[in-house]
1. Apply the a/c threshold of 1.5 to the C-alpha gyration tensor of segment 140-180 and tell me whether it is rounded, prolate or oblate.
2. Can you sort Phe162, Phe73 from fewest to most other Cβ atoms within 10 Å of each residue's own Cβ?
3. Amide H to amide H, which residues 5 or more places from Cys233 or on other chains are under 5 Å from it, using H placed in the peptide plane?
4. Starting at 0 and stepping by 10 Å, how many percent of the alpha carbon pairs of segment 1-86 end up in each bin?
5. Most fluctuating residue of Ala331, Ala118, Ala243 in a GNM of the chain with Cα springs under 10 Å: which is it?
6. Can you tell me the mean projection area, over all orientations, of the convex hull of segment 73-227's alpha carbons? Units nm², please.
7. Using only Cα atoms, locate the centre of segment 148-195 and the centre of segment 50-73, then give the distance between them in Å, rounded to an integer.
8. If you average the alpha carbon positions of segment 250-296 and of segment 117-136, how far apart do those two centres end up, in angstrom?
Amino acid sequence: MRTVLVGCGAMSDGWLSAIRDTPALATGIEMVGFVDLDPERAAAQARAYGHEGASCGSDLAAMLEDLRPDAVFDLVVPPARRAVVETALAHGCHVLSEKPMANDMDEARALLAAAREAGRIRAVIQNRRHLPGIRRAKALIDSGALGQITAIHSDFFLAPHFGGFRDEMEHVLLLDMAVHTFDAARFLLPSEPTAVYCQETNPAGSWYAHGASANAIFDCAGGATFTYRGSWCAEGAPTAWEAQWRIIGTKGSALWDGNEGLTASVVDGEEGFFRPLREIDVPPAPDLPATGHAGVILDFLRAVQGGDAPLTVDHDNIHSLSMVFAAIDSAKQGRRIDIKTQEGAA
């Protein structure tokens, strides 16, 4: 898969190291071009990861016209996403984008339509779906051992000092980070979220301009509830980047640390003020061909080569994005927001 990478900042290190260090990607992807507003930065990344023969420059359209690649890796800052994706699709390229897939729902719908019209695959780096921990949690849920799932709760508390564009973003937690947790919840939930009530704040001491903390309650089609509590300026007692989770079913509950720590217990008797509980075995960690970024990229590569649609394909990921913008609208308006209204004709 002949590929051009657009956006050669710090985020590109994760992508390029995943490609270099994963045999199936190292042999299945040829990096033929690097594009950045700073051509020297593009050239430096090409050299750093052993792609000295790749073209480097600042004009994406000209490079695509010249090289005719199969795919574009879109790593640009969110405000530049639409132009990059539309340019790539117009040149017949499949596209794998950083999250979020769009800056608002109108843009998301427009890019979804553009990919359909072009007949090309567009997917999004939602790398949590390609981690062993979430696959174990999903296998436990799917096994039925916990019974019917009635609630999933997630906590996300970290204090990263990024600097750069995130410090000035509106709704920084919800738009730039919560989309990962929301997408993970959709992967686990037995039915799609339908409505949300969200409160958003910027706590005292926050180094972000806006929206570093949020609490959200989602209703789901099957009657389950999903809750999210999060902060990007919570110093001390950090959770995992993948959040911490409690999964509640009619037969029992599970605690998941967001990585590979997963325990579960179920009711084991019919008497007593508190019914007796029995700890149960949970599924082992799966043997994935690649994890994290590498897993998403490999999934995308296989789809381009004629396989099934990627797990994070755009027409699925738009539902995760709609959760984000419904939560943002709820926080702005101080009321419950219907998610399907957000999605419109998507």
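1. prolate
2. Phe162, Phe73
3. Amide H neighbours of Cys233: Leu158.
4. So the P(r) values, bin by bin, are 19, 58, 23, 1.
5. Result for the chain, Cα springs under 10 Å: Ala118 fluctuates most.
6. Averaged projected hull area, Cα only: 10.5 nm².
7. Answer, in whole Å: 33.
8. 23
A short reminder: the numbers here are calculations on the coordinates, not readings from a lab. This structure is a prediction, so every number in the text was calculated from the model and none was measured. Here Cβ is always computed from backbone atoms with ideal geometry, including for glycine, and neighbour counts include all displayed protein chains.
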